[in-house]
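Following: one structure in structure tokens, then a few remarks.
Where a number appears in this text, it was derived from the coordinates with a stated rule and is not lab data. Predicted, not measured: the structure shown is a model, and the values here were computed from it. Here the Cβ positions follow ideal geometry from the backbone for every residue, glycine too, while neighbour counts run over all protein chains shown.
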Amino acid sequence: MKLLFALLLALMAVGAGAAESPDTATDEPAATFEAVALGLGSASFREKTALVERLAGFADPRVPVLLETLLAGDLYADATTGALYIGKADPAPLVGATEASAPPDKLRKVITNNSLRSALRPLIAATRLRDPDPEVRARAARTLIGEVPLALTPTLEQVTATEQHSEVRQALRTALASVQLADADPGVRIAAVRELADNSDKQILTLLEQRARQEQEADVSAALAEAIAALQAREKWFAFFGDLFFGLSLGSVLLLAAVGLAITFGVMGVINMAHGEMIMLGAYTTYVVQLLMPEHIELSLLVAVPAAFLVSGLVGIAIERGVIRFLYGRPLETLLATFGISLVLQQLVRTIFSPLNKSVITPDWLSGSWQINGMLSLTYNRLYIILFALAVLVTLVGLLRKTPIGLQMRAVTQNRAMASSMGIRTGRVDALTFGLGSGVAGIAGVALSQLTNVGPNLGQSYIIDSFLVVVFGGVGNLFGTFVAAMSLGVVTKFAEPLVGAVLAKILILVFVILFIQWRPRGLFALKGRFVED
Amino acid sequence: MKTSIRAGSKRRFTRAALKAGAATLALAGSAAGFAAETIKVGVLHSLSGTMAISETTLKDTVLMLVDEQNKKGGLLGKKLEAVVVDPASNWPLFAEKAKELLAKDKVDVIYGCWTSVSRKSVLPVVEELNGMLFYPVQYEGEESSKNVFYTGAAPNQQAIPAVDYLMNEVGVERWVLAGTDYVYPRTTNKILEAYLKDKGVAAGDIMINYTPFGHSDWQTIVSDIKKFGSAGKKTAVVSTINGDANVPFYKELGNQGVSAEDIPVVAFSVGEEELSGFDTSPLVGHLAAWNYFMSVDTSENDAFIKKWHAFIKDPKRVTNDPMEATYIGFNLWVKAVEKAGTTDVDAVRKAIYGLDVPNLTGGTAVMLPNHHITKPVLIGEIQEDGQFQVVWQTDEEVPGDAWTDYLPESAKITADWQDPAINCGNYNTETKTCSGQNY
């Protein structure tokens with residue numbers, strides 16, 4: 001397949017060359033680097049792929065720069081002469097023009113598409129194999145695994161023989177082995193298979209499996225089967241860890257969304273349908289914070305956490321003082337009133353910020369993933385959210401257990417009359433508790449703004465899950481909320497690959513309903529005299 | 001005591017009834033009076049609720065077109081008047097509001113609906129009251145109502161060409177059909193699956209995945225796609241994931257290091273609007289199939305964008321495919337009304353068949369007797385600036401097919417409202433009859 005493709009490319013290159021200068025023959029590249037490069041601006045995608053393959057063959061020092069600029073989408077061509085420039089605002093001449101020559105009239109971007117970009121990557125990697133920085137060399141070698149263009153194999157062999165750095169040499173040998181899998185000599189093939197068997201990489205497993213399907217030689221087939229079995233066993237393990245990580249990260253999102261509700265609903269007993277909107281307000285606060293500090297996006301989230309806590313907390317206190325305190329002991333009215341509030345808040349946000357979703361920028365330290373090996377990578381945003389959720393939980397537990405206000409909160413929720421007669425201003429404590437729960441929901445909003453769309457409906461998608469977690473975990477019990485969130489997250493993520501996302505959600509709901517039938521007070525029921533019947 | 005109360009309430013009731021009657025009369029009178037002076041254009045797009053994000057733009061588009069037509073001197077010597085109602089993303093409310101527009105406001109035409117379920121909810125109302133609805137969004141097909149004109153893409157004008165492109169130009173052999181769990185993705189994926197199998201793709205090389213509305217945790221699905229895509233054959237994702245759920249999906253793709261070069265995603269409901277204001281650098285190279293892109297370089301498009309920016313007073317607002325469909329639908333209706341010389345629904349309907357108006361991509365849109373239009377199909381790759389770079393397009397406009405040829409049960413059905421021998425939206429070419437329902 002690869003060979004065929006290369007042949008096809010070569011043919012096309014000939015075609016393209018012939019179109020430019022009829023006397024060009026394949027074995028003597030009469031066309032200069034300049035001549036080939038100048039054709040880039042007006043070529044079609046297919047022609048461009050052939051042109052860059054040819055360009056990579058020239059020893060001109062401008063080749064790596066040209067290819068990299070093209071990949072980065074920063075290469076511009078003069079519409080009339082085809083001269084190439086880097087950048088548009090302040091074009092730096094690259095090919096066919098100099099600083100001295102007249103400035104270009106009209107620059108057109110040399111556009112790339114997927115197939116061109118994927119052709120470019122190994123070509124660029126090949127030019128980097130002799131880079132002085134071992135990091136760059138190692139990355140280049142890894143790019144080449146399974147993707148080595150045929151023409152590059154001798155270069156690769158040469159570089160591998162001379163490479164001193166052990167890590168880079170390992171990567172080079174893997175890349176080389178990936179080509180040697182198709183070598184004519186069975187001995188070389190077996191050596192290549194042995195070389196590859198030690199890697200934990202999904203791509204290598206695929207290469208081996210493909211080879212196993214074509215292999216004729218019995219010895220090589222046996223070696224292949226052995227290597228594939230070893231890799232598959234490792235893959236299974238890493239897939240398990242991957243699912244576990246997904247589950248824990250979903251669990252921590254649930255925990256963040258539910259922990260505020262665990263306070264307002266769990267501790268105070270208020271059915272707060274506007275809880276989701278508190279989360280939404282937190283997410284919008286993040287958006288506003290980023291608008292206010294466009295220069296310091298990396299730090300914006302650190303500012304947004306306390307800001308969101310304050311905004312949602314104050315709105316929560318206002319709701320408690322304005323509406324809910326008149327409705328204590330009347331759950332149905334509370335439910336309807338808070339549902340109304342949630343609609344009002346949504347429409348308010350729609351009026352102020354427009355119904356369109358707002359884009360919250362993800363700082364660089366939250367993007368990308370931590371590549372542990374070729375089979376397991378953990379995304380940074382999820383990793384940080386797990387840590388963040390745990391930190392929020394620990395802080396809350398500390399606050400409730402170790403501080404005077406926490407003591408008062410517990411006292412009021414356990415026995416209001418007694419607490420009141422001990423001199424606690426129960427009204428104030430109610431407001432603060434509700435404010436705390438809402439504020440924590442706001443913090444959850446900051447975290448969710450990194451995962452999902454920030455729009456007026458953000459809260460609605462989390463309200464049901466939040467109630468589910470709190471009820472499942474046991475009302476009034478933060479530890480129960482934690483265990484419930486994590487177990488629901490993990491169960492969902494292990495069920496999803498088996499039954500699909502829709503059915504997984506249904507199964508979880510059914511499971512929780514049955515569980516509540518069996519244990520109406522949830523996983524960790526509160527015990528003691530103050531528990532009402 | 002009892003009797004007096006009853007008498008009192010009776011009297012009150014009579015008075016109220018009289019008042020109501022008078023009010024109705026007055027209303028009817030004023031409506032009749034208005035009808036003589038203006039032509040009413042109903043706008044049935046959600047301005048609040050979930051769908052407001054997409055539909056508000058279309059309301060503004062209709063208002064802009066009405067405004068522009070009035071500046072040109074109106075239509076048939078009368079001014080156009082837009083009547084805007086808000087069905088609030090609530091499907092039953094769509095039917096109520098449509099009834100209100102037709103029965104109370106007596107509008108001559110309605111532009112509206114986005115989701116298929118809202119259209120299905122409006123259908124019986126416009127058919128019963130003989131209204132005229134222009135529907136501007138790409139949809140799953142399998143429908144042709146006498147009273148609805150579909151100016152968005154049918155599956156053969158979006159999904160099928162996109163799959164052809166991936167198969168023939170990109171060399172894709174393994175397919176992930178990912179969608180949100182509702183009628184449009186389900187039907188589209190059913191058609192696509194039948195089409196792929198027809199083209200010789202093995203069942204093992206097709207993975208179908210549905211997610212609930214507003215799904216935001218894409219970790220497992222992306223990692224499944226990654227696993228499915230690492231079998232050594234070129235893999236692509238055909239996404240019918242609904243509107244804004246795409247953003248976390250693409251984010252997760254980027255975070256897990258799936259690039260468009262390895263596994264391209266072609267989306268049918270991601271347009272300029274969805275990408276605006278979103279950091280598109282991890283999405284570069286992913287694809288979308290539409291009948292219009294804002295980046296298309298034609299003079300008609302330039303003029304349209306200029307008008308839009310002037311009307312909305314924000315030079316950063318983007319244009320998108322459903323806006324073009326609204327534009328085409330509006331111009332077709334104007335032309336048909338001019339031809340018919342009246343806004344009477346039946347006369348306009350008969351006049352509109354075969355009419356053509358320029359679209360924004362340099363071609364023409366013709367209204368076909370099956371109430372669909374001809375459209376070019378464009379495939380674009382997402383660029384860093386949130387715009388699309390056209391990488392492929394059909395040589396000429398593709399006529400919209402109401403009933404797909406790739407499902408056995410609908411291959412034998414055809415729609416033709418012009419041919420008196422057929423004159424229905426679901427003519428069975430085998431039994432030579434129309435099925436009982438109207439659509």
Förster radius 60 Å - calculated FRET efficiency between residue A:219 and residue B:299 (Cβ-Cβ, nearest 0.05): 0.30
Fraction of alpha-carbon pairs over 15 Å apart in the range A:131-216 - percent: 55
Calculated diffusion of chain B, Stokes-Einstein form, Kirkwood radius summed over Cα pairs, 37 °C and 0.692 mPa s, µm²/s: 142
Isolated Cys residues of chain B, judged by Cβ distance under 4.7 Å to other cysteines: B:113
Computed lengthening from residue A:183 to residue A:347, 0.36 nm per intervening residue step minus Cα-Cα distance: 52.4 nm
Residue B:199-residue A:518 pseudo-label distance in nm [points 7 Å out on the Cα-to-Cβ vector]: 4.9
FRET efficiency estimate (nearest 0.05) - Cβ-Cβ, residue A:479 to residue A:387, R0 25 angstrom: 0.85
Mean separation of Cα contacts under 8 Å (6+ apart) over length of chain A, as relative contact order %: 15
Farthest toward positive dipole pole in chain B [+1 Lys/Arg, -1 Asp/Glu at C-beta], among B:418, B:155, B:90: B:90
Length added when fully stretched, residue A:498-residue A:510, from 0.36 nm per residue minus Cα-Cα: 2.6 nm
Within straight-line cross-link reach of residue A:109, lysines at Cα separation under 24 Å, skipping those fewer than 8 residues along the same chain: A:48, A:88, B:306, B:316
Estimated 222 nm signal from helices in chain B, with DSSP H stretches of n ≥ 4 weighted -39500 (n - 2.57), rounded to 500: -12500 deg cm²/dmol
Relative frequency of Cα-Cα separations exceeding 24 Å in the range B:168-325, percent: 38
Out-of-range pairs (alpha-carbon distance over 18 Å; input B:40/B:78; A:505/B:251; B:79/B:106): A:505/B:251
Shape of the protein assembly as shown, Cα gyration tensor, a/c cut at 1.5: oblate
Separation of the residue A:139 and residue A:428 label points, Cα + 7 Å toward Cβ, nm: 5.8
Partner lysines for residue B:412 [C-alpha distance under 26 Å; skip if fewer than 8 residues away on the same chain]: B:120, B:146, B:190, B:197, B:199, B:350, B:375, B:432
Chain A, helix-only ellipticity at 222 nm - DSSP H runs n ≥ 4, -39,500 (n - 2.57), divided by all residues, nearest 500: -22000 deg cm²/dmol
